Amino acid sequence: MAGGTREKLDNPVMEWVDSRLPIFTMMQKEYGVFPTPKNFNYFWNFGAIAMVMLVTMIITGITLAMHYVPHADMAFDSVERIMRDVNHGWLLRYLHANGASFFFIAVYIHMFRGMYYGSYKQPRELLWILGVVIFLLMMATAFMGYVLPWGQMSFWGATVITNLFSAIPLVGDSIVTLLWGGFSVDNPTLTRFFALHYLMPFVIFAVVFLHVWALHITGSNNPLGVDAKGKQDTLPFHPYYTMKDAFGILVFLIIYLGYAFFAPNDLGHPDNYIPANPLVTPSHIVPEWYFLPFYAILRAITFDVDLVLVAVGMVALGVAFIATPYKYLESILKMMEKSFLNFLGFSAKNIKTLKGVGLITLGLAILLNYFLNDFNFTIIPAKLGGVLAMFGSIAMLFALPFIDKHPVRSSRFRPYYKAAFLIFVANAFVLGICGGKPAEGFWVPLSQLTTAYYYAFFIVVLPILNKKEPVLELPSSINEAVLAKNKDKK
Amino acid sequence: MLRVILLIGALAVSPVAHAAGGGGEKLPNEHWSFEGPFGTYDRGALQRGYQIYSQVCSACHSMKYLSYRNLSALGYSPDEVKAIASQYTIIDGPDDEGEMFERPGKPSDRFKAPYANDNAAKYVNNGALPPDLSLITKARPNGANYVYGLLTGYEDHAPEGEELATGQYWNKYMDGHKIAMAPPLADEVVAYEDGSATTLDQYARDVTQFLTWAAEPEMEVRKRTGIKVLLFLSIFAFIMWRVKKKIWKNVKY
């Protein structure tokens, strides 16, 4: 950063500043001439759109905080005062409330883009991970923000979600007490949520800075997923992408403001216009729509994981181990080859059978003991299981760059991945619908099935595709692909 | 492409938000003047609705987020608002001697509540708390149709096999059907001055209009502003689309 070669600027004032802090040189390098692949589609607008939404949320949020009163007895009334008596207060609040939804829409599409085109792969793993950190921070911020109006859903949503932490063994109850600032959701909860809700966006902003920094080190991915190799593959960021982003942002704003002005309460819940009442539980507590898939995963674990269930799993795994041909298990078995068993003279193939038989024997022994002596105990209670499944679903996103080792990035050249991923997306929508329904009837097995696929996509499908999906021939450069496409058109 | 994706997202989300809550029978789907992007309140209906509220509903239901001054939005002149406010006796104070005193209402006063507090309200109403009506149409799914349905959805007898306790009534649209509010409106209970029909249906429509205004007094200005904002953004977006096209004209991509 220090010094470096720098071209002199014509304007003396700018030159004076730039020679001391090369901010104009940096802007020119990172946003002026920054080489950007020329084949972006409109999915590449959503990073800039998310940035606009973050700024919108911070500006409207700070203005709302000037009028809002973080106190259990006054919060609801102060929000109504903003809606009725503060000049354009209704506009600020509706922009903020709908802005949260549209921030999530932008970020979900941004994540879809990243997964569809393999943007998380080498060398952009850290870029992706920083993005997931932002997503996690957004979820915490949005959750705490939803509590602030102190309506019925605010209160009961806060109660349900904070209670989750009590499932953690040993320290759970202490964590919940700490979150609440007492022994139930009450005024201390509201004040600390307000303080943190005000703080978090700035933390997000800092991580966004790191995210953009990492992007400017590796450069952008593109719909082909092949690296830009030279000048013929790229365009300067300005004016090509500044203007394209501006257009995309405006279209997005039209839809966002369409909601904010004409259907401002459609994405919210009517119960939140009823003041919080600790004595009346709503018949059906639901989080905001953008949490519904994760809420469905949380509620899908309706069973305790006990010794018998583990034993059944061991038998199934053992059978699968024996039944699966050797070549699919090669990498796992190679690791085992170095083990003690190999030292005793067993080859990798023998180990496969031996492991399978061992698992089945142990599983059956536990089951036999259960039938004879009724010996069983709970390993993971359902509540903890749900919490682990929910947080695990986000942990999967963190691990994604290390799970998907396939060398091809873009789905355009990965037909199997493309199919599996699009099913994953549809599956996420079904999870969202399940999360919005009461946990009863066929919604429960449906949530369990869709939760299973959510995990299977990461744990089973991607590792299989690593091995099985053929590596297709990729275009040798972006430019060549573009020329070939244009030739086809003629 | 972009619009399609966003629309799909919005469509996928909206039913989830709508589906929550409710209960009971499917609500009536009335036509309201305030619906749609150009919807406005019917001033006549608002004034009649306020008349219903002040003569009937306000016996039990408060509207604590409204002040008499807000009634100017219904088309009343400042003097009329003053006259309306002064009909009410407000307890103010303490005065210089530390005593609470009574005075006629002023436009800046909040609507006078029928009960001193929730416990008093419950005591008088057989244990049930009449909810504050300031936000009622926003606090129920499909609020306007819900209020209209509730007011017109009373049935004389509970269906066979259902028992009503003393002070309970059967309502088609109430969650669980049992409601502690006696049918508040019936034909001819309120005399209108403007010659509108004095029927249960008309009363229910008018008071629904009034309650919708009470919950969303900013709606007309919100929609008017929204039209301008979307018009501006559409023109701006169109210009940027052309700018983008022009800049990219010579790029093969």
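Some points to look at:
- Electrostatic dipole magnitude of region A:27-288 [Cβ: Lys, Arg +1; Asp, Glu -1; Cα centre; debye, to 20]: 920
- Along its three principal directions, the equivalent ellipsoid of region B:195-253 from the Cα gyration tensor extends over semi-axes of 50, 11, 9 Å, largest first.
- Cβ crowding within 10 Å ranks A:284, A:71 as A:71, A:284, fewest other Cβ atoms first.
- Taking N as its residue count, the alpha carbon Rg of region A:347-490 over 2.2 N^0.38 Å: 1.52
- Per-bin percent of Cα-Cα distances, region A:423-478 [5 Å]: 4, 17, 20, 15, 13, 11, 8, 6, 4, 2, 1
- Cα Rg over Rh - chain B, Kirkwood: 1.10
- Label-point separation in nm, residue B:82 to residue B:249, each point 7 Å along Cα→Cβ: 6.7
- Extension gain for residue A:476 to residue A:7 (0.36 nm times residue separation, less C-alpha to C-alpha distance): 165.4 nm.
- Average beta-carbon neighbours from other chains, 10 Å sphere, peptide B:210-221: 2
- Placing R0 at 56 angstrom, the Cβ-Cβ distance between residue B:106 and residue B:235 gives a FRET efficiency of 0.75 after rounding to 0.05.
- Residue separation of residue A:369 and residue A:487 scaled by 0.36 nm, minus their Cα-Cα distance, works out to 35.4 nm of gained length.
- Note on region B:100-229: Kirkwood radius taken over Cα pairs, Stokes-Einstein applied at 20 °C and 1.002 mPa s, translational D equal to 123 µm² s⁻¹.
- What the Cα convex hull of the protein assembly as shown gives, in volume per residue, is 267 Å³.
- Neighbour counts of other Cβ atoms within 10 Å put A:304, A:173 in the fewest-to-most order A:173, A:304.
- Fewest-first sequence of B:60, A:434 by Cβ atoms within 10 Å of each Cβ: B:60, A:434
- Axis angle, to the nearest 10 degrees, between helix B:43-55 and the longest C-alpha principal axis of chain B: 30 degrees.
- Length available on full extension from residue A:59 to residue A:320: 0.36 nm per residue minus the Cα-Cα distance, which gives 88.4 nm.
- Model label sites at residue A:33 and residue A:304, defined 7 Å from Cα along the beta-carbon direction, differ in position by 6.8 nm.
- Exceeding the 25 Å Cα-Cα cut-off - candidates A:352/A:418; A:29/A:418; A:487/B:249: A:352/A:418; A:29/A:418
- Note on residue A:231: aspartates and glutamates with a C-alpha under 15 Å away, same-chain residues under 8 apart excluded, are A:480.
- Computed from Cα positions, the angle between helix B:219-247 and the longest principal axis of chain B comes to roughly 10 degrees.
- Cross-link pairs B:26/B:178; B:82/B:228; B:112/B:138; B:64/B:122 - those with Cα-Cα distance over 25 Å: B:82/B:228
- With a simple spin-label model that places each label point 7 Å from the Cα along the Cα-to-Cβ direction, the separation between residue B:30 and residue A:73 comes to 3.8 nm.
- Between residue B:89 and residue A:382, the FRET efficiency from the beta-carbon distance, with R0 = 60 Å, is close to 0.55.
Every number here is computed from the coordinates shown, using simple stated rules; none is lab data. Computed from a predicted model, the values in this text were never measured in an experiment. Ideal geometry is used to build each Cβ from the backbone, glycine not excepted, and the neighbour counts take in all protein chains shown.
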